[in-house]
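**Q** Dumping the structure here so I can ask a few things about it.
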Amino acid sequence: MPEPASIPAVPPASGSPRTWRRPPLVADWRLRWLLILGALGYLTLAIASLDLDWARIGEGWARGLRLLSGFLSPDFTSRWEDIQAGLLESLSMALTATAAGIALSIPVALGAARNLSPLPLYLACRGLIAVSRSLQEVIVAILFVAMVGFGPLAGFLTLAFATIGFLAKLLAEAIEAIDPGQVESVRATGAGWWQVLDYGVVPQVLPRLIGLSLYRLDINFRESAVIGIVGAGGVGATLNTAMDRYEYGSAAAILILIVAVVLVTEYVSGWVRERVH
Amino acid sequence: MLRIESLSKRYRTGDQALAEVSFEVPAGQMVGLIGPSGAGKSTLIRCVNRLVEPSAGRVWLKDLELTRLGRRGLRQARRRMGMIFQEYALVERLTVMENLLSGRLGYVSFWRSLTRRFPQADIDTAFRLLDRVGLSEHVDKRADALSGGQRQRVGIARALAQDPEILLVDEPTASLDPKTSRQIMRLIREVCEERRLAAIVNLHDVELAKRFMDRILGLRAGRVVYDGAPAGLTPEVLTAIYGEEDWGPAARPGEHEPGEALPQGHPGLPGGAPGGPRPPDSDAVAGAL
């Protein structure tokens, strides 16, 4: 094969060596400096506008220390019944809400994947996901508490709804990122739509779905502690009561248990994900 | 067997991939489709089973006009056309057997395929095909655990599992080394002869096309510029297909040290085809699979 004439190994002897520098992000130096100075100026103004009351910080420091020392001696025993009931309620809330959330997320995710769905369905599903994602759990919980009253049912509904926003979005993105060749090859055999889904799509996204579901279970448990504070049941309600009564020991015990449960789910999901890659 | 009549495809981007392509493939004939990248080879193959929807023209498989079928009819027609892909296109996380059985999807109901309870006849066929392509000990391995050559053999077996009348083969050797490429081409050739299958095979390697195909179609910018025997691929024809290039033997004499024996290319063979040991010209390297 004819090659072009070989490239000269030595640079042309034109004196100085040719230098090179990475081109800057903003090509125009005037604009670049304007942006840098603008950012610095804004930062200065922002710091100046902060109203720091050092006396109050000093006072609060002492209060904070009292709280911290309470936390250093967690008290599992005196409120154990309440703590246990709250934890179990949170766990069952998180589990059922995750299961229901997954069941609802899968069809929404299929609809929200541009490579599977026609445009109108895609827009509708993306809209639902956006609504679910833009409403913070606490706000949704307040809404559901108002609708169905205090207790774990409101918590269950909140978490299931929030799960859709999270799981459907990430699953839809996983579906959009699959290898189209594998789908095409299943389609070429004369398979129907559901068969293409079963053989061409599901194997490619199943590990991701399992990993995301376990992660969401963990999030739902943590969230159940937060939404309990607004009356949606679970260990959050117990925690709130303990804080209201200045029982920092019991509150500390609850927080430690929450951390422990989250840790356990973390280890379990890591182990499972290793197995299903 | 397969008849294509002024088939055209213009993509929405405005690219004219195929322009008025017409030809006919009789039963048992293997047609090699060659041409530069972007000449429309993949598009042509995919317009036959309508993975890509043609813009104009007609395609018949025997008496069935494929270009007029509705969704259901198209799915049933696709069962009669086995497809083999570049990069194998196996479902990586499914087992070899599941990949093979996926060739039967057009014949079984969704529920049977969902629970993986295929008819015993399908399973027998699948095992027989695995034996045929020499992979019987890998039944339950995941497809991504196989080597390139093994994967492509699963791909061939999957296409045959459909019990097709024609094979549509898209660059079957694009990601394989020269030796495996020849083995795969030989296997495709053999199964086509065993079953009297017609085949359209996209190839970028002219040498492979000349060796294994009955007939060559040269495609350039969506048009057929050569249709004839492999022996007719003279340097002039190759220039018409691919554009100006030195189609002589691989190296110009005098550039190598004297004493180094150069493999003597066939007269008129394109130079610069992927290297590697060139097996003797007889097709007798059997049993390599």
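The values are calculated or read from the model by the stated rules, or taken from the named source; none is laboratory data. Values in this document were obtained by computation on a predicted structure and should not be read as measured data. In this analysis, Cβ positions are derived from the backbone assuming ideal geometry, glycine residues included, and neighbour counts consider all displayed protein chains.
**Q** Kindly provide the set of residues from segment B:99-124 that are within 14 Å of another protein chain (Cβ to nearest Cβ) and within 27 Å of B:R189 (Cβ to Cβ), ordered by number.
**A** B:N99, B:L100, B:L101, B:S102, B:G103, B:R104, B:L105, B:G106, B:Y107, B:D122 - these are the residues of segment B:99-124 that are within 14 Å of another protein chain (Cβ to nearest Cβ) and within 27 Å of B:R189 (Cβ to Cβ).
**Q** For segment B:113-145: of the residues being of a type in the set (K, R) and surrounded by 17 or more Cβ atoms within 10 Å (Cβ to Cβ), which is modelled with the highest pLDDT?
**A** Per the stated criteria, the residue is B:R142.
**Q** Please give the number of the condition A:R187 fails out of (1) at the interface with chain B (Cβ under 8 Å from one of its Cβ atoms); (2) closer than 28 Å to A:L65 by Cα; (3) not hydroxyl-bearing (S, T, Y).
**A** (2)
**Q** Within segment A:218-226, identify whether any single residue is of a type in the set (K, R) and closer than 22 Å to A:F150 by Cα, and answer yes or no.
**A** Yes - at least one qualifying residue is present in segment A:218-226.
**Q** Something else about it: Name the residue, out of A:T189, A:T163, A:T158, that is in contact with a helix residue (DSSP H, G or I) (Cβ under 8 Å, 6 or more places away or on another chain) and farther than 25 Å from A:M93 by Cα.
**A** Of the residues listed, the single one that is in contact with a helix residue (DSSP H, G or I) (Cβ under 8 Å, 6 or more places away or on another chain) and farther than 25 Å from A:M93 by Cα is A:T189.
**Q** Just need a number here: residues in segment A:30-66 that are surrounded by 10 or more Cβ atoms within 10 Å (Cβ to Cβ), among the charged types (D, E, K, R) and closer than 22 Å to A:Y248 by Cα.
**A** Residues meeting the conditions: 2.
**Q** Every residue in segment A:189-247 that is among the β-branched types (V, I, T), modelled with pLDDT under 90 and touching a Leu at 6+ places or on another chain (Cβ under 9 Å), please.
**A** Passing the criteria: A:I227, A:I229, A:V235, A:T238.
**Q** Which condition breaks for B:E24 when tested against (1) surrounded by 14 or more Cβ atoms within 10 Å (Cβ to Cβ); (2) within 18 Å of B:L219 (Cα to Cα); (3) charged (D, E, K, R)?
**A** B:E24 satisfies every listed condition except (1).
**Q** Looking at (1) in a helix (DSSP H, G or I); (2) more than 9 Å from chain B (Cβ to nearest Cβ); (3) not polar (S, T, N, Q), which is the only condition A:I178 fails?
**A** A:I178 satisfies all of (1) in a helix (DSSP H, G or I); (2) more than 9 Å from chain B (Cβ to nearest Cβ); (3) not polar (S, T, N, Q) except (1).
**Q** Anything in segment A:81-127 that is under 20 Å from the mean Cα position of the chain (by Cα) and of a type in the set (S, T, Y)? List them, or say none.
**A** A:S90, A:T96, A:T98, A:S105
**Q** Out of (1) among the hydrophobic types (A, V, I, L, M, F, W, C); (2) over 18 Å from the mean Cα position of the chain (by Cα); (3) away from chain B (no Cβ under 14 Å), the odd one out for A:F166 is which?
**A** For A:F166, the exception is condition (2).
**Q** On to the next question. Residue check: is B:S42 in contact (Cβ under 8 Å) with a residue 40 or more places away in the chain, out of contact with any Leu (no Cβ under 6 Å at 6 or more places or on another chain) and more than 8 Å from chain A (Cβ to nearest Cβ)?
**A** Against the criterion (in contact (Cβ under 8 Å) with a residue 40 or more places away in the chain, out of contact with any Leu (no Cβ under 6 Å at 6 or more places or on another chain) and more than 8 Å from chain A (Cβ to nearest Cβ)), B:S42 qualifies.
**Q** Tell me whether segment B:90-110 contains one or more residues that are β-branched (V, I, T), in contact (Cβ under 8 Å) with a residue 12 or more places away in the chain, out of contact with any Lys or Arg (no Cβ under 9 Å at 6 or more places or on another chain) and buried (at least 21 other Cβ atoms within 10 Å of the Cβ).
**A** Checked against the condition, which is being β-branched (V, I, T), in contact (Cβ under 8 Å) with a residue 12 or more places away in the chain, out of contact with any Lys or Arg (no Cβ under 9 Å at 6 or more places or on another chain) and buried (at least 21 other Cβ atoms within 10 Å of the Cβ), segment B:90-110 yields at least one hit.
**Q** Hey, another quick one. Confirm whether A:A154 is in contact with a Phe, Trp or Tyr (Cβ under 6 Å, 6 or more places away or on another chain) and crowded, with 21+ Cβ neighbours inside 10 Å.
**A** Answer is yes for this residue.
**Q** Yes or no: segment B:138-160 includes at least one residue that is closer than 19 Å to A:G190 by Cβ, among the basic types (K, R) and within 12 Å of another protein chain (Cβ to nearest Cβ).
**A** yes
**Q** Look through A:A232, A:A242, A:A253 and report the one residue that is crowded, with 19+ Cβ neighbours inside 10 Å, more than 14 Å from chain B (Cβ to nearest Cβ), at negative phi and in contact with a Phe, Trp or Tyr (Cβ under 6 Å, 6 or more places away or on another chain).
**A** A:A253
**Q** Now for a different question. Just one of A:L217, A:L197, A:L171, A:L212 is assigned to a helix (DSSP H, G or I), more than 7 Å from chain B (Cβ to nearest Cβ) and without any contact (Cβ under 8 Å) to a residue 60 or more places away in the chain; which is it?
**A** A:L212
**Q** Now, a different point. In segment A:107-121, what count of residues is obtained for those that are closer than 16 Å to A:F166 by Cα and surrounded by 14 or more Cβ atoms within 10 Å (Cβ to Cβ)?
**A** Total satisfying the criteria: 6.
**Q** Working carefully through the options B:S102, B:S147, find the one that is farther than 16 Å from B:I184 by Cβ and among the hydroxyl-bearing types (S, T, Y).
**A** B:S102
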